[in-house]
Amino acid sequence: MGTSLQLRSLVKSSGELELSLAKVPIPEPGADEVAVQIEAAPINPSDLALLVGPADVSAAKVAGSGVDAVVTAPIAPAFMRALASRADESMPVGNEGAGKVVAAGASPEAQALLGKTVALIGGATYAQHRLAKAAEVVPLAPGVTAAEGASCFVNPLTALGMTETMRREGHTALVHTAAASNLGQMLNKVCIADGIGLVNIVRSAEQAKILKDIGAKHVVDSTSPSFMDELTDAIAETGATIAFDAIGGGKLASQILSAMEVAINRKATAYSRYGSSVHKQVYIYGGLDTRPTELARSYGLAWGVCGWLLTPFLAKIGAEAAGKLRARVAAELKTTFASHYTAQISLTEALKPEIIAAYNRRATGEKYLIVPTKDA
């Protein structure tokens with residue numbers, strides 16, 4: 001069936017990142033499998049963790065050109081210990097994507113997908129072709145393009161996973177940071193539709209306007225001199241006691257917990273030396289700030305800070321509940337869960353240092369889409 005291009009990320013034990021395009025055989029599907037020609041695959045923050053990790057992309061160098069280009073960038077020794085388990089192993093990249101089924105196995109389920117546009121998740125989507133189980137791909141509705149369906153897993157299911165976690169843990173409203181992102185905009189639409197109180201934390205007036213223009217009620221700017229007062233007031237009004245933090249490092253998680261404690265104590269009828277008995281929870285699901293998380297512990301003893309990841313959450317709630325979330329995404333793919341892209345780039349363009357620097361900025365409102373068919 002010929003060869004196909006696949007984007008690879010390699011961390012060398014010598015302390016260097018290497019990005020390149022590997023030429024691999026176009027996969028032959030087994031009986032219950034399909035071969036998908038990838039037409040669109042988004043670059044999410046979770047993809048960047050594997051693609052470039054902590055490498056200093058500002059010092060990236062490129063040798064060769066086109067499909068033979070090899071990009072190298074240094075990795076500081078302090079980060080190498082955390083990367084030891086992947087050292088000297090070339091790894092395919094890309095969590096999700098969409099494209100046309102160009103070959104199918106003999107099973108009726110696989111044959112029924114032949115020629116259809118489907119979405120898929122599970123890695124290695126920054127490639128011209130990807131093999132997948134027929135049962136694991138999602139056929140896109142007529143009229144939905146690969147670009148529209150390429151981001152139907154990570155961000156939409158994360159947004160729904162946040163509100164589902166909130167409900168399952170007994171909270172009634174939530175706080176979200178880096179809230180003007182594609183994900184943040186989806187979360188606002190979900191919360192508005194479902195009547196959920198949401199406090200959005202952004203980092204500029206421009207980001208605040210993005211959310212207010214789509215109907216967000218509570219938007220606070222972390223750069224404002226009165227940030228803590230505004231955050232506390234918004235939390236008091238919504239009753240939010242759970243937060244999802246994309247920032248990770250610095251003081252923000254601690255500030256959210258402090259504001260929750262103050263908001264709760266506004267209604268307290270008696271003083272307690274141990275703080276309020278209402279549990280306050282912050283889930284860190286991103287690392288836009290790579291510094292250590294600082295906790296001031298000014299919020300009593302009923303609180304928690306830990307990580308949150310989509311895949312384990314979906315496994316925890318089970319196939320039936322996860323299926324309901326996916327069904328909602330499919331039904332609202334062009335509305336609630338529509339994604340917007342800053343640029344569409346080819347696999348070869350994804351290896352240009354200036355473009356790497358652009359998509360690695362992880363700037364709010366900027367999202368890149370890899371289109372492998374551009375390399376044909």
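Tell me the angle of helix 154-168 to the major Cα principal axis of the chain, expressed in degrees between 0 and 90 and rounded to the nearest ten.
30 degrees
Based on DSSP H runs of at least 4 residues, each adding -39500 (n - 2.57), what is the mean residue ellipticity at 222 nm of the chain after dividing by all its residues, to the nearest 500 deg cm²/dmol?
Rounded to the nearest 500, the figure is -8500 deg cm²/dmol.
Would you mind calculating the gained length between T311 and A141 on full extension (0.36 nm times residue separation, minus the Cα-Cα distance), in nm to one decimal?
58.8 nm
Which of K61/K100; K100/K334; K133/K316; K209/K367; K61/K374; K100/K316 have a Cα-Cα distance over 26 Å?
Distance filter (> 26 Å) returns K61/K100; K100/K316.
Around A263, with a cut-off of 9 angstrom between Cβ atoms, what is the net charge of the other residues, counting Lys and Arg +1 and Asp and Glu -1? Mind showing how you got there, number by number?
Values: positive: R266, K267; negative: D233, E237, E261.
Local net charge: -1.
Sticking with the crude label model, points 7 Å out along Cα→Cβ, report the distance from R167 to R328 in nm, one decimal please.
Placing both labels 7 Å along Cα→Cβ, they lie 0.6 nm apart.
What FRET efficiency do you get for E206 and S85 if R0 is 35 Å and r is their Cβ-Cβ distance, rounded to the nearest 0.05? Walk me through the numbers before you get to the answer.
Numbers: r = 40 Å, r/R0 = 1.13.
After rounding to 0.05, the efficiency reads 0.30.
In nanometres, what is the gap between the two model label sites at A268 and K251, each 7 Å from Cα along Cα-to-Cβ?
If labels sit at A268 and K251, their model points lie 2.1 nm apart.
If each residue of separation counts as 0.36 nm, what is the full-extension length gain between A319 and D68 once their alpha-carbon separation is subtracted? Mind showing how you got there, number by number?
Working: separation 251, 0.36 × 251 = 90.36 nm, distance 4.19 nm.
Roughly 86.2 nm would be gained on extension.
Taking the highest mean first, how do the peptides 167-174, 326-333 order by number of other beta carbon atoms within 10 angstrom per residue?
Ranking the peptides 167-174, 326-333 by packing returns 326-333, 167-174.
Expressed as a whole percentage, what fraction of the accessible surface of the chain belongs to carbon and sulfur atoms when a 1.4 Å probe is rolled over the protein heavy atoms?
Taking all protein chains in place, the chain shows 54 percent carbon and sulfur surface.
On the full set of protein chains, 1.4 Å probe, figure out the accessible area of S107 and give it in Å² to the nearest 10.
20 Å²
If you take every residue apart from I196 with its C-beta less than 12 Å away from the C-beta of I196, what net charge results, scoring Lys and Arg +1 and Asp and Glu -1?
Residues near I196 contribute +1 overall.
Report Rg (one decimal) and Dmax (nearest whole number) for the range 91-200, counting Cα atoms only, units Å.
16.9, 51
What does the charge count near G249 come to, summing +1 for each Lys or Arg and -1 for each Asp or Glu among other residues with Cβ under 11 Å from its Cβ?
So the surrounding residues net to -1.
Anyone know which of A150, A343, A127 comes out most mobile in the 10 Å Cα GNM of the chain?
Most flexible of the set in this elastic network: A343.
Once Rh is set to the Kirkwood radius over Cα pairs, what Stokes-Einstein translational diffusion coefficient, in µm²/s, holds for the range 6-129 at a temperature of 4 °C and a viscosity of 1.567 mPa s?
On the way: Rh = 15.8 Å.
Translational diffusion coefficient: 82 µm²/s.
In whole percent, what relative contact order does the chain give with Cα contacts below 8 Å and a gap of six or more residues? Mind showing how you got there, number by number?
On the way: 800 pairs, mean separation 66.7, N = 376.
RCO, the chain: 18 percent.
Over the chain, give the accessible area per residue in Å² for a 1.4 Å probe, as an integer.
I get 45 Å² per residue for the chain.
Simple spin-label model, 7 Å along Cα-to-Cβ: R291 to A49 in nm?
With each label point 7 Å from Cα toward Cβ, the separation is 2.1 nm.
Taking each pair of different alpha-carbon atoms in the chain once, compute 1/r for the pair, average those values, and report the inverse of that mean as the Kirkwood hydrodynamic radius in Å to one decimal.
Taking every pair of different Cα atoms in the chain, averaging 1/r and inverting gives 22.0 Å.
In whole Hz and in residue order, list the ³J(HN,Hα) couplings for the range 144-151 that follow from phi through the Karplus curve 6.51 cos²θ - 1.76 cosθ + 1.60, θ = phi - 60°; x for Gly and Pro.
8, 7, 4, 4, 6, x, 5, 9
What are the ³J(HN,Hα) couplings of the range 365-376, residue after residue, when phi is run through the Karplus curve with 6.51, -1.76, 1.60 and θ = phi - 60°? Round to Hz, x for glycine and proline.
Listing the rounded values in order: x, 10, 9, 9, 10, 8, 10, x, 5, 5, 8, 5 Hz.
Cut-off 17 Å, label point 7 angstrom out along Cα-to-Cβ of S14: give me the residues of the range 80-103 whose amide nitrogen falls inside.
80, 87-90
What dipole magnitude, in Debye to the nearest 20, does the chain give about its Cα centre under +1 on Lys/Arg Cβ and -1 on Asp/Glu Cβ?
Charge dipole, the chain, about its Cα centre: 560 debye, nearest 20.
The values are calculated or read from the model by the stated rules, or taken from the named source; none is laboratory data. Computed from a predicted structure; not experimentally measured. Reconstructed Cβ throughout: ideal geometry from the backbone, glycine too, with neighbour counts over all protein chains shown. Surface areas here come from the heavy atoms of the whole protein model, side chains and all, with no ligands, DNA or RNA. Shrake-Rupley method; radii C 1.70, N 1.55, O 1.52, S 1.80 Å.
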